[in-house]
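Can you read through this structure? Questions will come right after.
The values are calculated or read from the model by the stated rules, or taken from the named source; none is laboratory data. As the structure is a computational prediction, the values presented were derived from the model and not from experiment. Please note: Cβ atoms are built from the backbone with ideal geometry, for glycine as well, and neighbour counts cover all protein chains shown. What goes into the accessible areas is simple: the full protein's heavy atoms, side chains included, and nothing from ligands, DNA or RNA. Shrake-Rupley method; radii C 1.70, N 1.55, O 1.52, S 1.80 Å.
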Amino acid sequence: MRVSYKKLWIKLVEKDMSKADLRKAADIAPSTLTKLNKNEFIALSILVKICGILKCDIGDIMEVIEDDEIVE
């Protein structure tokens, strides 16, 4: 199983917010932003913090993808 943060990037565009703005507002490390860009797992506490900033639910910023659904 993998995760995708594609919904997060769409949400940022809708909110007219850059990735740098999100990083500062949520007080997350640059390495965490790199993990988000690479669709890697990050701590749930950080996802909850991001949801608080964006006023949304976790399902609004990420999704879990079955390995057989991945088309690369």
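Would you mind getting me the FRET efficiency between S31 and D68? Use the beta-carbon distance for r and R0 = 25 Å, nearest 0.05. Each step should come with its number before you reach the end.
On the way: r = 30 Å, r/R0 = 1.19.
Given R0 = 25 Å and the Cβ-Cβ separation, E is 0.25.
Give a quick list of chymotrypsin sites (Phe, Trp or Tyr not before Pro) in the chain that DSSP marks as loop, anything other than H, G, I, E or B, with at most 15 other Cβ atoms within 10 Å. Display every interim value, and only then the final one.
Working: sites: Y5, W9, F41; in loops: Y5, F41.
Sites meeting the loop and neighbour criteria: F41.
How large is ³J(HN,Hα) for each residue in region 11-23, as worked out from phi by the Karplus curve 6.51 cos²θ - 1.76 cosθ + 1.60 (θ = phi - 60°), to whole Hz, x for Gly and Pro?
Per-residue couplings from phi come out as 4, 4, 4, 4, 8, 6, 10, 8, 5, 5, 4, 4, 4 Hz.
Next question, about the same structure. State the percentage of accessible surface on the chain attributable to carbon and sulfur atoms; use a 1.4 Å probe and exclude ligands, DNA and RNA. Walk me through the intermediate numbers first.
Values: 2510 of 4810 Å².
Taking all protein chains in place, the chain shows 52 percent carbon and sulfur surface.
Let me ask something additional. Using θ = phi - 60° and the Karplus form 6.51 cos²θ - 1.76 cosθ + 1.60, what ³J(HN,Hα) does each residue of region 39-51 get, whole Hz, x for Gly and Pro?
Listing the rounded values in order: 6, 9, 5, 10, 5, 4, 4, 6, 4, 5, 4, 4, 4 Hz.
I've got another one for you. Could you work out the mean projected area of the convex hull around the alpha carbons of region 7-47, in square nanometres to one decimal? Present the calculation step by step, with values, prior to reporting the outcome.
Numbers: hull surface 11.1 nm².
Mean orientational projected area (region 7-47, Cα hull): 2.8 nm².
When every alpha-carbon pair in the chain is counted, what percent end up more than 16 Å apart? Walk me through the intermediate numbers first.
Details: 1126 of 2556 pairs.
When every Cα pair of the chain is considered, 44 percent fall beyond 16 Å.
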